[in-house]
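A short worksheet on the structure shown next.
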Amino acid sequence: MVRHTVTPQGADAQTPQGDKTTAHAGRSWRAWFLFAAVAGAALVMDLTLKAYAFEVVAGQPVKWSSTEPGHAMIPDHDGVTLIPKVLALQLTTNRGAVFGLGQGGRWIFVGISVVAVIFIVSLFWRSRARAYGWHAAMGLIFAGAISNLYDRWVYASVRDMLHFFPGVQLPFGLRWPGGSGDLYPWISNLADVWLVVGVGTILLVTGGQTFRRNMQNRSSPSMPGLSKS
């Protein structure tokens, strides 16, 4: 009797030689192409938007302090509305992590980002060759991590410009800690969007696989036992 086990898309597995269905992505040029194409496109989009926004949104190019690393001399500006009540461009910088946490820990976050990039590539390498949704998601996460790593290395802070739901207030007079009544008071960038979309895609893909596997197990009839007369 041979026992058959099911392995999630992103998990490591020992597979028969020549089995293209379960072979590792690290040995598949198609998997590498998808991963590199998504990561490259996402990285170019984010860095291009950052460069453009910090050149024109404030009405003049933003200059960086030569004496205080990470400090951008951003002129007062009203921002640029792209979609009313949905999205605007508003310049700021972040020397910390997500939501502005950990301000000033530049090299700590650089180190964390490097470890994260290595971990992402490792996960991609060990995933299945035909786990296309997983590869695209890994590409987005890789691009987001690399782009923000580039900012921290070059500028000592991350360039942010995406202001979601500008002018929209929390209901019932609610306020965030710190006093802001905005629905979404944080300003982010495309790299952050890629990270969120990538992680969300992985959760959806993995959750969908688990759900289908559980449904198949429930619907599979049990093997009848054999009895001797």
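The values are calculated or read from the model by the stated rules, or taken from the named source; none is laboratory data. Quick caveat: nothing in here was measured; it's all calculated off a predicted structure. When we count neighbours, we look across all protein chains shown, and the Cβ atoms used for this are built from the backbone with ideal geometry, even at glycine.
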* Residue in the stretch 41-95 that is modelled with the lowest pLDDT, counting only those that are more than 22 Å from Phe165 (Cα to Cα) and charged (D, E, K, R) -> Arg95
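Test Val154 against the stated conditions and say whether it is touching a residue at least 60 places away in the same chain (Cβ under 8 Å) and surrounded by fewer than 16 Cβ atoms within 10 Å (Cβ to Cβ).
Values: touching a residue at least 60 places away in the same chain (Cβ under 8 Å): no; surrounded by fewer than 16 Cβ atoms within 10 Å (Cβ to Cβ): yes.
Considered against the rule, which asks whether it is touching a residue at least 60 places away in the same chain (Cβ under 8 Å) and surrounded by fewer than 16 Cβ atoms within 10 Å (Cβ to Cβ), Val154 comes out as no.
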* **Selected residue (criterion: modelled with the highest pLDDT) from residues of the stretch 166-196 that are under 21 Å from the mean Cα position of the chain (by Cα) and surrounded by fewer than 16 Cβ atoms within 10 Å (Cβ to Cβ)** => Val196
* Could you please let me know if Ile141 is in contact (Cβ under 8 Å) with a residue 40 or more places away in the chain, surrounded by fewer than 23 Cβ atoms within 10 Å (Cβ to Cβ) and at negative phi? => no
* To do: Sort through Leu140, Leu89 and tell me the only one that's assigned to a helix (DSSP H, G or I) and not acidic (Asp, Glu).
  => Leu140
* Asked: Do you know which residues across the stretch 145-165 are touching a Gly at 6+ places or on another chain (Cβ under 7 Å) and either part of a helix (DSSP H, G or I) or among the aromatic types (Phe, Trp, Tyr) (or both)?
  -> Tyr155
* To do: Kindly establish whether Thr201 is part of a helix (DSSP H, G or I), surrounded by fewer than 21 Cβ atoms within 10 Å (Cβ to Cβ), at pLDDT 90 or above and touching a Phe, Trp or Tyr at 6+ places or on another chain (Cβ under 9 Å).
  => yes
* Taking Val117 and the conditions (1) crowded, with 16+ Cβ neighbours inside 10 Å; (2) outside any loop (DSSP other than H, G, I, E, B); (3) out of contact with any Pro (no Cβ under 9 Å at 6 or more places or on another chain), which numbered condition does it fall short on, given that it satisfies the others? -> (1)
